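This report concerns only the one structure given below.
Each value in this text was obtained by applying a stated rule to the coordinates, not by laboratory testing. Model, not experiment: these values are computed from the prediction. Cβ placement follows ideal geometry from the backbone for every residue including glycine, while neighbour counts extend to all protein chains displayed.
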Amino acid sequence: MQTLAEAAAYQRAVELATYGRRQILGITGAPAAGKSTYAEHLAARLTADGHKVALVPMDGYHLAQSVLEALGLADVKGAPHTFDGGGFVALLRRLKESPDEQIWAPRFDRSIEDSIAASIGVAPEVTLVLTEGNYLLLDETPWTALRNLLDECWYVEVPEDLRHERLEARHRAFGRSPAEAHDRTYGSDERNAQLIAATAPRADAIIQPAR
């Protein structure tokens with residue numbers, strides 16, 4: 001497994017976008033590692049350079065907040081069992097196997113802490129789908145099916161102190177008290193982070209974005 005500098009990673013993404021048939025590139029990493037920001041910047045740069053790209057995050061498959069509360073899972077939101085993993089697998093399979101279809105995917109809206117159905121369009125002319133999320137390399141059912149659907153998967157890595165700092169700030173920005181933000185960061189979020197970190201060896205490359 002190699003560590004790719006951002007310039008080299010971009011050139012590899014261009015190769016995938018011009019491969020000749022639709023490719024799917026996964027971007028994974030622990031919470032607050034910067035995978036969403038990295039994927040958004042990569043998609044924007046590729047699009048600006050004329051490539052047909054769509055960004056389809058895994059977060060659209062969060063279970064609804066009302067469902068999590070009814071199941072008593074709201075406090076561990078973000079754990080593997082708080083997603084519709086099977087639905088996400090089915091979406092990627094459709095994106096891979098039916099490139100001539102117009103396909104619609106859900107989007108997670110942090111302002112309401114819920115997903116909005118059919119918010120992201122993937123047109124037939126899209127040659128590269130970027131997908132990002134925590135559990136793209138998790139070797140548990142149903143997530144394990146994802147690896148064969150991803151042409152490549154990159155793991156985003158940053159120093160742990162920076163990641164924790166970002167995560168606490170994110171929780172505070174969405175209304176948690178400093179104590180609540182700390183407890184969530186070093187509680188359920190940290191358990192998820194350790195689970196995700198164990199999947200890093202399955203990645204094709206490590207990306208270490210500039211801070």
* To do: Convert each backbone phi in segment 175-183 into a coupling constant with the Karplus relation 6.51 cos²θ - 1.76 cosθ + 1.60 (shift: θ = phi - 60°), then list the ³J(HN,Hα) values in order as whole Hz, x for Gly and Pro.
  => x, 7, 5, x, 5, 5, 4, 5, 5
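Can you sort Thr127, Thr3 so the residue with the fewest Cβ neighbours within 10 Å comes first? Present the calculation step by step, with values, prior to reporting the outcome.
On the way: Thr127 19, Thr3 12.
Exposure proxy ranking, most exposed first: Thr3, Thr127.
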* Asked: Taking Cα atoms, how many degrees apart are the long axis of helix 188-197 and the longest axis of the chain, rounded to 10 and kept between 0 and 90?
  -> 30
* Under a 5 Å amide H to amide H cut-off, with H placed in plane at 1.01 Å, what residues pair with Cys153 once short-range neighbours are removed? -> Gly26, Asp204, Ala205
* To do: Take every DSSP beta bridge whose two residues both sit in segment 2-207, then give the antiparallel share in percent to the nearest 5.
  => 30
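As an exercise, use a Förster radius of 41 Å and the Cβ-Cβ distance of Arg172 and Ser98 to find the FRET efficiency, rounded to the nearest 0.05.
Values: r = 42 Å, r/R0 = 1.02.
Given R0 = 41 Å and the Cβ-Cβ separation, E is 0.45.
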* Give me the angle, in degrees from 0 to 90, between the Cα long axis of helix 85-97 and the longest principal axis of the Cα atoms of the chain, rounded to the nearest 10. => 10
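Using the Cα centre as the reference, give the magnitude of the dipole from point charges on the C-beta atoms of the chain (Lys, Arg: +1; Asp, Glu: -1; all else neutral), rounded to the nearest 20 debye.
Values: 22 positive and 30 negative charges, 57 e Å.
Computed charge dipole of the chain: roughly 280 debye.
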* Asked: Does segment 98-211 come out rounded, prolate or oblate, given a ≥ b ≥ c as the square roots of the eigenvalues of its C-alpha gyration tensor, rounded meaning a/c under 1.5 and, failing that, prolate meaning a/b above b/c?
  -> oblate
* Go through segment 72-82 residue by residue and turn each phi into a ³J(HN,Hα) via Karplus (6.51, -1.76, 1.60, θ = phi - 60°); whole Hz please, and just put x for glycine and proline. => x, 10, 4, 6, 10, 3, x, 6, x, 7, 9
* Asked: Once you put a point 7 Å from the Cα of Tyr186 and another 7 Å from the Cα of Ala79, both along the Cβ direction, what distance in nm separates them?
  -> 2.0
* Asked: Build a GNM of the chain with springs between Cα atoms under 10 Å: which of Asp84, Asp49, Asp189 gets the top mean-square fluctuation?
  -> Asp49
* Under Karplus coefficients 6.51, -1.76 and 1.60, residue-wise ³J(HN,Hα) of segment 2-18 in Hz, glycine/proline x -> 9, 9, 9, 5, 4, 5, 5, 5, 5, 4, 5, 5, 4, 4, 5, 5, 10
* To do: List the residues whose amide H sits under 5 Å from the amide H of Leu55, counting only those 5 or more places along or on another chain, with H placed 1.01 Å from N in the peptide plane.
  => Leu130
* C-alpha center-to-center spacing [segment 45-67, segment 181-211] in angstrom -> 20
* For Phe108, residues with placed amide H under 5 Å, excluding near neighbours -> Gly60, Ile116
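Can you compute the helix-only [θ] at 222 nm over the chain? Use -39500 (n - 2.57) per DSSP H run of at least 4 residues, normalise by all residues, nearest 500 deg cm²/dmol.
Working: 7 runs with 79 residues, N = 211.
Helix contribution divided over all residues of the chain: -11500 deg cm²/dmol.
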* Asked: In the Gaussian network model of the chain, springs joining C-alpha atoms below 10 Å, which of Tyr186, Tyr61, Tyr155 carries the largest mean-square fluctuation?
  -> Tyr186
* Structure fact -> If one builds a Gaussian network model of the chain from Cα atoms under 10 Å apart, the most fluctuating residue listed among Ser119, Ser177, Ser36 is Ser177
